[in-house]
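*Asks:* Structure below; questions to follow.
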Amino acid sequence: ALSQVCTHLGCVVPWKPDENSEDRLDRKGRFNCPCHGSIFDRYGQVIVAPAPRPMDLHPITLDGGKLVVDTGVFIRRQTYEESQALKV
């Protein structure tokens, strides 16, 4: 699961479902940082700086059929790898 914290200075980065997409999965949707203008695609990859790296991840597990996101753990990453996306 993506952390919605900008990797630039820690602002909360909301999902903008009506903004033009920055990836090929869909025409709409991306993350826009309201503080300093960083833009991330739906995978958390930096499209527009000043963010220095992709959005962090939170580990996910299944517990009795429910998806659990551990927001207390941040997985720092330097690049996006396809293995980081869960195919459903």
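Please treat every number below as a calculation from the coordinates, not as lab data. Owing to the predicted nature of the structure, the values given are computational and were not obtained by experimental measurement. Quick reminder, even Gly has a Cβ in these numbers, built from the backbone with ideal geometry, and neighbours come from all protein chains shown.
*Asks:* Being small (Gly, Ala, Ser) and within 12 Å of the chain's Cα centre (by Cα) is the requirement here; does Gly10 meet it?
*Replies:* No, not satisfied.
Each row is one residue, and each column tells you yes or no for (1) basic (Lys, Arg); (2) assigned to a loop (DSSP other than H, G, I, E, B); (3) at positive phi.
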position	(1), (2), (3)
His8	no, yes, no
Lys16	yes, no, no
Arg24	yes, yes, no
Phe31	no, no, no
Arg53	yes, yes, no
Leu62	no, no, no
Val68	no, no, no
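*Asks:* Still on this structure, please answer the following. Could you tell me whether Thr71 is over 10 Å from the mean Cα position of the chain (by Cα), more than 21 Å from Val12 (Cβ to Cβ) and not hydrophobic (A, V, I, L, M, F, W, C)?
*Replies:* No: the conditions fail for Thr71.
*Asks:* Applying the selection to the stretch 33-43, what residues are in a loop (DSSP other than H, G, I, E, B) and surrounded by 16 or more Cβ atoms within 10 Å (Cβ to Cβ)?
*Replies:* Listed by number, the residues that qualify are Cys33, Ser38, Asp41, Arg42, Tyr43.
*Asks:* Which one is farthest from the chain's Cα centre (by Cα) among residues in the stretch 55-65 that are surrounded by 15 or more Cβ atoms within 10 Å (Cβ to Cβ) and over 16 Å from Cys11 (Cβ atoms)?
*Replies:* It comes out as His58.
Results for (1) touching a helix residue (DSSP H, G or I) at 6+ places or on another chain (Cβ under 7 Å); (2) aliphatic (A, V, I, L, M); (3) crowded, with 16+ Cβ neighbours inside 10 Å, shown as yes or no for each residue.
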| residue | (1), (2), (3) |
| --- | --- |
| Trp15 | no, no, no |
| Lys28 | no, no, no |
| Gln45 | no, no, yes |
| Ala49 | no, yes, no |
| Arg53 | no, no, no |
| Leu67 | no, yes, no |
| Ser83 | no, no, no |
